[in-house]
Amino acid sequence: MDLSPRPEEDLEGTLATVHRLGFRDIETASFYDRTAADFRAILDKAGLSCSSLIASYDRLTHDFDGVVRDAKAVGASYVITSTFRTGRTHRG
């Protein structure tokens with residue numbers, strides 16, 4: 001479920017709605033201009049957990065320790081990325 005851009009307008013309200021819809025766990029690629037610790041506190045207040053953090057390939061390669069630190073702060077067991085750079089291009 002994609003709720004953007006609404007979380008940017010009212011993160012607490014959006015996460016409360018997610019909980020009311022029956023969800024108890026999320027994955028996120030953004031902390032919406034908050035620290036990982038602040039985002040975790042908002043999740044806790046909403047009764048949600050975050051099992052997966054989505055990180056950009058660039059961040060994984062240039063700030064791996066920061067990604068791990070953020071994942072631990074929000075309680076994520078998994079870190080995923082949606083893209084990889086291989087140095088090759090694909091022509092379809």
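Where a number appears in this text, it was derived from the coordinates with a stated rule and is not lab data. Fair warning: this is a prediction, and the values are worked out from it, not measured in the lab. We place every Cβ from the backbone using ideal geometry, glycine too, and count neighbours over all the protein chains shown.
Relative contact order for segment 6-80 using alpha-carbon pairs under 8 Å, separation at least 6, rounded to a whole percent?
Values: 87 pairs, mean separation 23.7, N = 75.
Rounded, it is 32 percent for segment 6-80.
For residue 49 and residue 8, what does the FRET efficiency come to when R0 = 25 Å and r is the distance between their Cβ atoms, rounded to the nearest 0.05? If you can, show how the numbers build up before the last one.
Values: r = 21 Å, r/R0 = 0.84.
The pair residue 49/residue 8 has a calculated efficiency of 0.75.
Based only on Cα atoms, what Rg/Rh ratio does the chain have, Rh being taken as Kirkwood's radius? Don't skip to the end; give the middle numbers.
On the way: Rg = 14.6 Å, Rh = 14.1 Å.
Here the Rg-to-Rh quotient is 1.04.
If you line up the long axis of helix 11-20 against the longest principal axis of the chain, both from Cα atoms, how many degrees apart are they, to the nearest 10?
Here the helix axis deviates by roughly 70 degrees.
How big is the dipole moment of the chain about its Cα centre under a simple scheme where the beta carbon of each Lys and Arg is +1, that of each Asp and Glu is -1, and everything else is neutral? Debye, nearest 20, please.
On the way: 12 positive and 14 negative charges, 81 e Å.
Here the size comes out at about 380 debye.
Modelled label-to-label distance, residue 69 and residue 82, 7 Å Cα→beta-carbon offset: nm?
Label-label distance for residue 69 and residue 82, simple model: 2.6 nm.
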